[in-house]
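Enquirer: Questions regarding the structure given below will be posed in turn.
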Amino acid sequence: MLGKLARFMRIMGYDTLYPNLEIPDTELIKYAIDTNRKLISRDREICRRYRDSILIESDNLKMQIVQIATIDPPDQTKLFSRCTVCNGLLIPGNGGCNEEYDPKKKDQVTHCQDCGKCYWPGTHSESVLKFLQSLELYTEYNKQ
Ligand SMILES: [Zn+2]
């Protein structure tokens, strides 16, 4: 339900798990307690049961991100530091992936240490950055 938000949170560097919806609430809450994680949900009931949770009420992605960032401000240095697919940390180099990217960007390529997916600066990351800048969460980038 909050897949898009989870993806953006990973782009912003938040350590974000996106659990299978089949997992019972009690198990999710236990896991959140055991791993000292916040629980972000649209489900009022689960948020009522777990103190360190954030209830998402807006359907608007911008509003959702602003809500999270207000509670837990993003670390600007962690922008584009996680894999959007699996939450793994990105490390320099292409990791042997065979995707095609602009050779000029060779030195900027990173890959996920867990699943190997490659990332490099491109039109997608530019539009993501523009979107985040529009939320005025990244003052340093806004100066450019
Ligand atoms: Zn990954």
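Enquirer: I want to confirm something. Restricting to the range 1-24 and keeping residues that are of a type in the set (Lys, Arg) and under 8 Å from the mean Cα position of the chain (by Cα), which single residue is surrounded by the fewest Cβ atoms within 10 Å (Cβ to Cβ)? Break it down stepwise before answering.
Expert: Residues of the range 1-24 of a type in the set (Lys, Arg): 4, 7, 10.
Imposing the further condition that a residue be under 8 Å from the mean Cα position of the chain (by Cα) reduces the set to 7, 10.
Working: 7: 18, 10: 22.
Restricting to residues being of a type in the set (Lys, Arg) and under 8 Å from the mean Cα position of the chain (by Cα), the top hit is 7.
Enquirer: Yes or no: residue 91 farther than 20 Å from residue 18 by Cβ and in a strand (DSSP E or B)? Outline the logic, then answer.
Expert: Details: farther than 20 Å from residue 18 by Cβ: yes; in a strand (DSSP E or B): yes.
Yes, satisfied.
Enquirer: Give the range 29-42 a look and list any residue that's free of Cβ contacts under 8 Å to residues at least 24 places away in the same chain, within 20 Å of the chain's Cα centre (by Cα) and surrounded by fewer than 17 Cβ atoms within 10 Å (Cβ to Cβ), or say none.
Expert: Those that are free of Cβ contacts under 8 Å to residues at least 24 places away in the same chain, within 20 Å of the chain's Cα centre (by Cα) and surrounded by fewer than 17 Cβ atoms within 10 Å (Cβ to Cβ): 31, 35, 36, 37.
Enquirer: Let me ask something additional. Tell me, which residue of the range 79-129 that is among the aromatic types (Phe, Trp, Tyr) and within 16 Å of the ligand (Cβ to nearest atom) is farthest from residue 3 (Cα to Cα)?
Expert: So, considering only residues that are among the aromatic types (Phe, Trp, Tyr) and within 16 Å of the ligand (Cβ to nearest atom), the one farthest from residue 3 (Cα to Cα) is 120.
Enquirer: For the range 51-78, which positions are within 16 Å of the ligand (Cβ to nearest atom) and small (Gly, Ala, Ser)? Spell out the reasoning first.
Expert: Here is the first cut: in the range 51-78, the residues within 16 Å of the ligand (Cβ to nearest atom) are 78.
Across the range 51-78, there are no qualifying residues.
Enquirer: Another question about this same structure. Would you tally the residues in the range 43-71 being surrounded by fewer than 12 Cβ atoms within 10 Å (Cβ to Cβ) and over 13 Å from residue 2 (Cα atoms)?
Expert: Total meeting the criteria: 6.
Enquirer: For the range 59-74, name all the residues that are free of Cβ contacts under 8 Å to residues at least 24 places away in the same chain and outside any helix (DSSP H, G or I).
Expert: The answer is 59, 60.
Read the figures in this text as sums done on the coordinates, not as results from a lab. Small disclaimer: the values here were computed from a predicted structure and weren't measured. Ideal geometry is used to build each Cβ from the backbone, glycine not excepted, and the neighbour counts take in all protein chains shown.
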